[in-house]
Amino acid sequence: MHYLIWSVLTLAVFAVGPGGISTSAASSSTAQKDADIESAIPREFRLEDDAREAVVDLALAQLDIQYRYGGVSWKTGYDCSGFVRWVLKRNGVSLPRTSLSQAGAGVHVDRSDLRKGDLVFFRLDSGTISHVGIYLGNEMFIHANRTGGEVRVSMLNNPFWSRKYAGARSVL
């Protein structure tokens with residue numbers, strides 16, 4: 001009797017397969033297509049995109065935190081480089097403290113090739129780099145802005161920021 005039950009169960013599992021019973025052939029084939037597409041994307045690209053999204057998500061979570069010169073924490077406020085350093089550190093990237101020093105990290109990125117998570121630099125008060133933000137995509141970047149007094153999103157194509165733009169680096 002046990003042999004008969006075991007045979008029926010084995011046959012049922014073999015016939016249905018490890019995925020269980022499908023209520024729709026279309027849903028099974030769609031899931032398989034999605035899995036095939038996902039596996040066709042090289043793993044290093046998926047991880048890099050995930051890292052970039054994580055940086056952007058954490059940066060956006062800091063919106064409206066107050067600006068504070070020399071600030072390095074959400075508890076007390078950020079300055080621009082303290083904000084960028086804090087976000088990247090929590091995503092496994094160590095950066096120097098100042099925007100001018102951060103401008104030497106990573107690799108150069110042309111403005112036309114900016115990707116989410118890239119660092120964008122500006123010359124505000126002098127000929128040297130004195131401001132940094134994190135590129136969000138679609139010509140937007142997030143930064144701790146002393147003029148606005150908080151972490152905010154601004155547009156790269158805004159005449160002020162476009163005129164002050166000094167370059168970009170990728171550290172991811």
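You can think of it this way: the chain between Glu139 and Asp113 has 8.2 nm of extra reach, that is 0.36 nm per residue less the Cα-Cα gap.
A cut-off under 11 angstrom between Cβ atoms defines the neighbours of Gln102, and their net charge, with Lys, Arg +1 and Asp, Glu -1, is +3. Convex hull volume of the C-alpha atoms in region 78-139, normalised per residue: 92 Å³. Multiplying the residue separation of Lys75 and Thr147 by 0.36 nm and subtracting their alpha-carbon distance yields 24.0 nm. Count Lys and Arg as plus one, Asp and Glu as minus one, and take only other residues whose Cβ is under 10 Å from that of His131; the net charge is then +1. Rounded if a/c is under 1.5, else prolate if a/b beats b/c, else oblate: with a ≥ b ≥ c from the C-alpha gyration tensor eigenvalues square-rooted, which is region 43-106? Oblate, because a/c is 1.5 or more while a/b does not exceed b/c. Rg and Dmax of region 43-170, based on Cα coordinates, read 13.3, 43 Å. A simple count of charges around Gln66, restricted to other residues whose Cβ falls under 13 Å of its Cβ and scoring Lys, Arg +1 and Asp, Glu -1, yields +1.
Rule-based calculations on the coordinates, nothing more; no lab input. This structure is a prediction, so every number in the text was calculated from the model and none was measured. Heads up, the Cβs are rebuilt from the backbone with ideal geometry, glycines too, and the neighbour counts pull from every protein chain shown.
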